[in-house]
Amino acid sequence: MKEVVICNPLRTANGSFGGAFKTVPAYDLAKTVMQRVIADSGIDAGTLDDVIIGNIGQPSKRPTSRVSAIYAGIPLHVPAYTTQRNCASAIQAITNAYAAIQAEDGELFLVGGTENMSQIPYVVKGAVGSEAAPRRVHRRPVGGPHRPHLQPDHGRDGREPGRAVQHLT
């Protein structure tokens, strides 16, 4: 097995729902980190084999990974794709890069995750038509009609998953 090394781990400052980052799209948060990682590491962005970004709340049909990469100045010939695995999207992105390296599908990957929960759409249960009287508003990725049993902050140790992941490094 090949040795895989994570170089230059970096993250944005933690924000809170409706806080200072509420108007900053997820792709802009990722762009800022990508630019800094590339600058600090001294790599030529054109030599990247792939950009893999975890994100669950893609605001449009354009993949967050591609938009972030373009805005970060990564050349268009470098492929990019987005993973979506709810609270583990960034971990899935890392896992995918590791598997690609082991399979000899590349050697240099820019990998991470991005989200802005303040910009995620809401689901109003029971709201149908103009006469609906909703009682609760749910953030779509957390609960919603497809998984109402999930609650915010459902990490095993009580920490939010995004904050708990920084303790892995």
*asked:* So for the stretch 40-100, considering every pair of alpha-carbon atoms, how many percent are separated by more than 17 Å?
replied: 41 percent
_Please arrange 1, 117 by how many other C-beta atoms lie within 10 Å of their C-beta, fewest to most._
1, 117
*For the pair residue 86 and residue 107, what calculated FRET efficiency results from E = 1/(1 + (r/R0)^6), where r is the Cβ-Cβ distance and R0 = 25 Å, to the nearest 0.05?*
0.30
*Taking 0.36 nm per intervening residue step and subtracting the Cα-Cα distance, what contour gain separates residue 122 from residue 36 on full extension?*
27.8 nm
*Length gained when the stretch residue 16-residue 47 is fully extended (0.36 nm per residue, less Cα-Cα span)*: 7.6 nm
*Whose amide H sits under 5 Å from the amide H of residue 80, counting only residues 5 or more places off or on another chain, with H placed in the peptide plane?*
51
*Starting with the fewest neighbours, write out 118, 89, 68, 41 ranked by other beta-carbon atoms found within 10 Å of each beta-carbon.*
41, 118, 89, 68
_Sorted by Cβ density within 10 Å, fewest first, the residues 2, 61_ = 61, 2
*What number, in nm² with one decimal, is the all-direction average of the projected area of the convex hull of the alpha-carbon atoms of the stretch 1-108?*
7.2 nm²
*asked:* Order 71-79, 12-20 from most to least packed using the mean count of other Cβ atoms within 10 Å.
replied: 71-79, 12-20
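Read-outs throughout are calculated quantities, based only on the coordinates presented, and are distinct from any laboratory measurement. All values derive from a computational prediction rather than experimental measurement. FYI the Cβ positions are ideal-geometry reconstructions off the backbone, even for glycines, and counts take in every protein chain you see.
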